Amino acid sequence: MKVELVDYDKIEKIVKAARVSHGSESDGMGPSDKSLLRKLIQLRHESVFEHCAYTFKIEGVSRALLQELVRHRIASYTVRSTRFTLKDIVKNKDIEKAEDLSDFKKIVERYCVVPDLPEEALNEFYTCTAVCLKNVYKFISEYKLPNDIVKYLLPESFKTELMMSINVRSFRNFLQLRASKKALWEIRALALEMYKVIPENHHILYEDLNLPQSE
Ligand SMILES: Cc1cc2nc3c(=O)[nH]c(=O)nc-3n(C[C@H](O)[C@H](O)[C@H](O)COP(=O)(O)OP(=O)(O)OC[C@H]3O[C@@H](n4cnc5c(N)ncnc54)[C@H](O)[C@@H]3O)c2cc1C
């Protein structure tokens, strides 16, 4: 997967909002501002965090992940249309020609997210998923069925890309739920990657969540 931080608000916006509420002066992200941010978290005065948001471009994640991600309603999403992705599949003659494991591996890795599996199961995964992609190809090119019908054949591992905008309050909730070891491995990897690409000086906003620094 690839995660890019496209845009973000300065952490100072949160301080400014909190200073309005407290009627006090900022010390330019010095000890007083840092202590204020920690106090806001401790007191759960979290509405001030809504003034600060991030926009991420996320590529190479599965549709399985997507359906879990969009359950986070307090965020905005724009997802790549499957119609365009299917157009790419039908142009790719390698899918039609693929007949052995090494061909299957190539096409599956291009279009799908591959989970970490023991070798035998992994080979089965490549084979089953390649058959699925070959059927998608056949349904479009031979049977001339519209993409809106063919998309029902796509596996959950099929890769997609999206833009996601989320404010700090909601991102804190997202990280709490999805950076946890209880979460799906792929959305956990995404959550940790998103945390990694935000500016270093924003990490104070998440320090109570005890996120792993690197994995
Ligand atoms: C480990 C794990 C397992 C899960 N398993 C399942 C499962 O088996 N089945 C399933 O359906 N889902 C499952 N989920 C999804 C989960 O139930 C949430 O839908 C998802 O995590 C989004 O969380 P959220 O509602 O807090 O986020 P958001 O939708 O972003 O909401 C953020 C916060 O806003 C508030 N809020 C938003 N909308 C409302 C509302 N309508 N009313 C009141 N308050 C609101 C809540 O405080 C909420 O926490 C699972 C999640 C995790 C992390």
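The values are calculated or read from the model by the stated rules, or taken from the named source; none is laboratory data. None of the values given here were measured: they were computed from a predicted structure. As a convention, Cβ positions derive from the backbone with ideal geometry for all residues, glycine included, and neighbour counts pool all protein chains shown.
Using the structure shown, decide if ALA17 is hydrophobic (A, V, I, L, M, F, W, C), buried (at least 19 other Cβ atoms within 10 Å of the Cβ) and assigned by TED's automatic domain parsing to the domain that holds GLU200. Steps first, answer last, please.
Working: hydrophobic (A, V, I, L, M, F, W, C): yes; buried (at least 19 other Cβ atoms within 10 Å of the Cβ): no; assigned by TED's automatic domain parsing to the domain that holds GLU200: yes.
It is false that ALA17 is hydrophobic (A, V, I, L, M, F, W, C), buried (at least 19 other Cβ atoms within 10 Å of the Cβ) and assigned by TED's automatic domain parsing to the domain that holds GLU200.
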**Fill in**
Picking from SER165, SER157, SER141, the residue that is in contact with a helix residue (DSSP H, G or I) (Cβ under 8 Å, 6 or more places away or on another chain) and surrounded by fewer than 19 Cβ atoms within 10 Å (Cβ to Cβ) would be SER141
**Item:** Test result for THR129, more than 16 Å from the ligand (Cβ to nearest atom), within 30 Å of LEU5 (Cα to Cα) and touching a strand residue (DSSP E or B) at 6+ places or on another chain (Cβ under 9 Å)
**Value:** no
**Asked** Yes or no: PRO212 surrounded by fewer than 16 Cβ atoms within 10 Å (Cβ to Cβ), over 14 Å from the mean Cα position of the chain (by Cα), at pLDDT 95 or above and away from the ligand (no atom under 16 Å from the Cβ)?
**Response** no
**Fill in**
Checked the stretch 73-97 for anything closer than 24 Å to TYR152 by Cα and at pLDDT 95 or above; matches are TYR77, THR78, VAL79
**Message:** Within the stretch 147-180, take every residue that is among the polar types (S, T, N, Q) and over 30 Å from LEU205 (Cβ atoms) and give me the one that is nearest to the ligand (Cβ to nearest atom).
**Reply:** SER157
**Request:** Using the structure shown, decide if LEU184 is away from the ligand (no atom under 16 Å from the Cβ) and of a type outside the set (D, E, K, R).
**Result:** no
**Request:** Would you confirm whether any residue within the stretch 16-39 is touching an Asp or Glu at 6+ places or on another chain (Cβ under 9 Å) and either in a strand (DSSP E or B) or within 16 Å of the ligand (Cβ to nearest atom) (or both)?
**Result:** no
**Complete:** Among residues of the stretch 59-75 being within 11 Å of the ligand (Cβ to nearest atom) and of a type outside the set (Val, Ile, Thr), the residue surrounded by the most Cβ atoms within 10 Å (Cβ to Cβ) is LEU69
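Being in contact (Cβ under 8 Å) with a residue 12 or more places away in the chain and not β-branched (Val, Ile, Thr) narrows it down to one of ASN147, ASN210, so name that one.
Working: ASN210 fails: in contact (Cβ under 8 Å) with a residue 12 or more places away in the chain.
Exactly one of ASN147, ASN210 is in contact (Cβ under 8 Å) with a residue 12 or more places away in the chain and not β-branched (Val, Ile, Thr), namely ASN147.
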**Prompt:** What pairs can you find where one residue is in the stretch 59-76 and more than 21 Å from VAL6 (Cβ to Cβ), the other is within 12 Å of the ligand (Cβ to nearest atom) and not in a strand (DSSP E or B), and their Cβ atoms are less than 7 Å apart, with a gap of 6+ or different chains?
**Reply:** GLU68/LEU184; GLU68/ILE187
**Message:** Test of understanding: among ARG178, ARG188, ARG169, which residue is free of Cβ contacts under 8 Å to residues at least 12 places away in the same chain, among the charged types (D, E, K, R) and closer than 22 Å to ALA75 by Cα?
**Reply:** ARG188
**Request:** Using the structure shown, decide if LYS87 is away from the ligand (no atom under 16 Å from the Cβ) and not assigned by TED's automatic domain parsing to the domain that holds CYS132.
**Result:** yes
